[in-house]
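Below: one structure, written as C-alpha cells.
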Ligand SMILES: [Zn+2]
C-alpha cells in the first residue's frame with residue numbers, strides 16, 4: 001500500500017468518524033463526507049537510521065512527518081531549542097525553551113509542517129483563527145512561503161501578538177466575545193470557500209510538535225519520567241505523548257512519561273472531566289483568564305488526549321488565576337521570561353513535583369515579549 005511514496009500521506013490520515021482517507025486533492029480541514037475530524041491512524045515510526053542530519057532543526061526528523069514526498073520544507077529556524085536545568089521546589093527540573101522558536105512559540109513546529117503541506121497542494125491564500133500565537137506563527141510561515149493569510153483573532157488577544165501578526169503582512173480580523181465566537185467566524189469563512197489552515201483541526205502539524213519529545217530525550221540523555229505542558233486544544237501534549245510512544249516503539253526509551261496537562265481554572269474542561277468524569281461537564285466555564293492561549297472550552301482533540309494522559313498514569317492540573325503572574329515572576333527570576341499562558345506550568349509544578357517521579361521536563365511554550373500583562 002505504501003509503494004508509491006508520493007501517496008504516503010493518504011493511507012495514514014483518516015477521518016476518525018467514517019474512516020475515509022484524506023483526499024489526494026484539496027485541503028479540507030474536516031471530512032467532506034461526514035464532518036469528522038482528521039487524524040493520523042497510527043503513531044509515527046521513529047527510525048534512528050532515517051534521521052537526516054543534513055537537514056536543519058525539526059527537519060532532521062522528516063521521516064516521521066507523514067508528508068507527501070514532494071513536500072519542500074518551509075523553514076524559519078524552528079526546533080533545536082535549548083533544554084535548561086534549573087532548581088524548582090527542591091528538584092532539578094528540565095525546562096524546554098520553546099519560546100525561543102522563530103515567532104516566540106512552540107507553534108512554529110506545527111506551522112512549518114502545515115504550511116509546507118499546503119504549499120505542496122498549491123494553496124495561495126488561507127484563513128486561520130487564533131488567540132495569537134498560532135496566528136502569528138502561521139502568518140510568519142505564510143510570509144516565508146508567499147501565501148496570503150487572513151487571521152481571525154479574539155478582541156482580547158494581547159496587543160503584541162496582534163502587532164506581530166500585522167507585521168508579517170497578514171490581515172487581522174478582530175472578533176468580540178469569547179474565543180468560541182472567533183472559531184465560529186472563521187468556520188463561516190471556510191464554508192464560503194476560504195481555505196482554513198486550522199492548526200487545531202488539521203492534523204498535519206502534530207508530528208512537528210512530537211519533535212519536542214525527540215529533542216528532549218537527546219538533550220537529557222535519558223527519557224523524562226514526567227512531562228508538564230499547558231493544554232488548550234490538547235494538540236501539544238497529545239503530540240508529545242505520541243512522540244514518546246514512537247520512541248518507545250523504536251526501543252529508544254523504556255516507558256511513556258507521566259503526562260501532565262495544565263489548564264487555567266477559569267476554563268479547564270479537560271481537568272474537570274479527567275478529575276470528576278461526567279459530573280465535571282457541568283462545571284466547565286469559559287471564564288476570562290490571563291492564560292488566553294489555553295482558553296478553549298471544547299478542546300478538539302480532548303478525547304484522544306484524555307485517553308493518552310490516563311494511559312501514561314498522568315493527570316490534569318487546574319491553576320488559580322491569582323497564581324499565574326507569581327508563577328511568571330518565579331520563572332523570570334530564573335532568567336526564563338514567558339507569557340502568562342506558559343507560566344501556568346509553575347503552579348502546576350508546585351502541585352505535582354513531590355507526587356510524580358524525576359526527571360521532570362516542563363515545556364515553556366510562549367515568550368514573555370508577547371504579553372501585555
Ligand atoms: Zn468522515
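The values are calculated or read from the model by the stated rules, or taken from the named source; none is laboratory data. Fair warning: this is a prediction, and the values are worked out from it, not measured in the lab. Neighbour counts run over all protein chains shown; Cβ positions are idealised from the backbone, glycine included.
Counting just the residues of segment 128-155 that are farther than 11 Å from residue 169 by Cα and part of a strand (DSSP E or B), which one comes out modelled with the lowest pLDDT?
154
Suppose the filter is within 16 Å of the ligand (Cβ to nearest atom) and surrounded by 16 or more Cβ atoms within 10 Å (Cβ to Cβ); does residue 66 pass it?
Judged against the criteria, residue 66 is not a match.
If I ask for residues that are in contact (Cβ under 8 Å) with a residue 60 or more places away in the chain, more than 12 Å from the ligand (Cβ to nearest atom) and closer than 15 Å to residue 202 by Cβ, which ones from segment 12-50 would you list?
26, 27, 29, 40
Here is a check on your reading of the model: is residue 363 assigned to a strand (DSSP E or B) and in contact with a strand residue (DSSP E or B) (Cβ under 9 Å, 6 or more places away or on another chain)?
yes
Can we say residue 20 is out of contact with any helix residue (DSSP H, G or I) (no Cβ under 8 Å at 6 or more places or on another chain), closer than 16 Å to residue 118 by Cα and at pLDDT below 95?
It is false that residue 20 is out of contact with any helix residue (DSSP H, G or I) (no Cβ under 8 Å at 6 or more places or on another chain), closer than 16 Å to residue 118 by Cα and at pLDDT below 95.
Working only within segment 251-300, note down all residues that are modelled with pLDDT of 85 or more and assigned to a helix (DSSP H, G or I).
265, 266, 267, 269, 270, 271, 272, 273, 274, 275, 276, 277
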